[in-house]
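As structure tokens, the structure follows; a few thoughts come after it.
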Amino acid sequence: MKLGSARNVGLKNAGGKYIWFVDSDDFIQPNVLKLFYSELEKEKLEILHFDYMIFNGLDKRLHPYRVNYDLSICSGVKFYFDSHELWWQKGVEAWRKVYRRSFLLENNFFFAEKVMYEDVDYSFKVFAKAQRVKHIDLSPYCYRDNSSSITKIELSPLHLKYWLLLALRCERLQMQFISAQNVDSRFISVIDEYEGYLLGSIYNSLKIFNKENRAEYKTFLKDMDISLLRKYIPIKKYLYLKYSIIFKPLWR
């Protein structure tokens, strides 16, 4: 069971008013739940966001990751686009927030299952909808820097598979946002930018893969229709993504 499936099971079966998705290899600082609960109740928040610590397995020390956020209550749109982090870092991690459970259930906010990087498109959805978000200047979460994680191991065709799946999820989400007509247009733009970034990363990776890696990549494409992504890259690069075994790039 991957993270998305496990989180959905927890979300559906939890009995409390609020939910915090803590990854199994990470840990939290003591005596934070009471403080969180008080803040969530007092401010009637849908999302409480916070900083975190990085646990380095080599030196066995905690290293802070902090950003100078505005500490006032705001909408998810304002929080996402007015924070000081880079656009691809903005509150993406599911474990970096405590949510009001009813807010997630009422909006049918569940994670994509059997995939990786499910936090990214999830964060777009929740911030686009939330009206009461607040950052608290604490680092209660301890993220373990795990060198065996798929996000840290050597680049492989499996990474490209999950990048493509993420790009397709983002494209479908963008279409939903456009159809709804009530989502801030900046989310449309940031998804455009992110999908272009993902496809560029896949293309650059394919160029350095050997024949065996490209063959494995192509097996993943059998169950995917990537035609939705055509608009994000030039036709030759698109064809290389789709037919990497028989095409070799003739351009630089």
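The values are calculated or read from the model by the stated rules, or taken from the named source; none is laboratory data. This one's a predicted model, so the numbers in the text were calculated from it and none came from an experiment. So basically every Cβ, Gly included, is an ideal-geometry build from the backbone, and we count neighbours across all protein chains shown. Just so you know, the surface numbers come from the protein's heavy atoms only, side chains and all, with ligands and any DNA or RNA stripped out. Shrake-Rupley method; radii C 1.70, N 1.55, O 1.52, S 1.80 Å.
Structure summary
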quantity: Enumeration of residues in region 11-25 that are open to solvent by less than 30 Å² (accessible area, probe 1.4 Å) and assigned to a helix (DSSP H, G or I); calculated: 11
quantity: Qualifying residue in region 142-155 (condition: of a type in the set (Ser, Thr, Tyr), out of contact with any Cys (no Cβ under 7 Å at 6 or more places or on another chain), in a strand (DSSP E or B) and modelled with pLDDT under 95); calculated: yes
quantity: Residue match in region 126-147 (condition: polar (S, T, N, Q) and under 15 Å from the mean Cα position of the chain (by Cα)); calculated: no
quantity: Residue identified as open to solvent by 70 Å² or more (accessible area, probe 1.4 Å) and not acidic (Asp, Glu) among 37, 65; calculated: 37
quantity: Candidate set: region 40-62, residues that are free of Cβ contacts under 8 Å to residues at least 60 places away in the same chain and more than 15 Å from residue 136 (Cα to Cα); chosen: the one surrounded by the most Cβ atoms within 10 Å (Cβ to Cβ); calculated: 61
quantity: Which listed residue is outside any loop (DSSP other than H, G, I, E, B), of a type outside the set (Gly, Ala, Ser) and over 23 Å from residue 122 (Cα atoms), from 40, 35; calculated: 35
quantity: Qualifying positions in region 182-217 - without any contact (Cβ under 8 Å) to a residue 60 or more places away in the chain and within 13 Å of residue 233 (Cβ to Cβ); calculated: 192, 195, 196, 198, 199, 200, 201, 202, 203, 204, 206
quantity: Residues located in region 99-118, provided they are among the aliphatic types (A, V, I, L, M) and either modelled with pLDDT under 95 or farther than 17 Å from residue 168 by Cβ (or both); calculated: 104, 105, 115, 116
quantity: Residue 32 being within 18 Å of the chain's Cα centre (by Cα) and either modelled with pLDDT of 90 or more or open to solvent by less than 60 Å² (accessible area, probe 1.4 Å) (or both); calculated: no
quantity: Test: residue in region 164-186 that is within 16 Å of the chain's Cα centre (by Cα) and of a type in the set (Gly, Ala, Ser); calculated: yes
quantity: Among the candidates 75, 83, residue that is at pLDDT 85 or above, within 22 Å of residue 189 (Cβ to Cβ) and surrounded by 13 or more Cβ atoms within 10 Å (Cβ to Cβ); calculated: 75
quantity: Any hit, region 106-118, residues being small (Gly, Ala, Ser) and farther than 30 Å from residue 182 by Cβ; calculated: no
quantity: Residue match in region 198-216 (condition: open to solvent by 20 Å² or more (accessible area, probe 1.4 Å), assigned to a helix (DSSP H, G or I), touching a Gly at 6+ places or on another chain (Cβ under 7 Å) and not polar (S, T, N, Q)); calculated: no
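Table: residues versus (1) in a helix (DSSP H, G or I); (2) open to solvent by 60 Å² or more (accessible area, probe 1.4 Å).
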residue	(1), (2)
112	no, no
116	no, no
127	yes, no
131	no, yes
161	yes, no
178	yes, yes
186	yes, yes
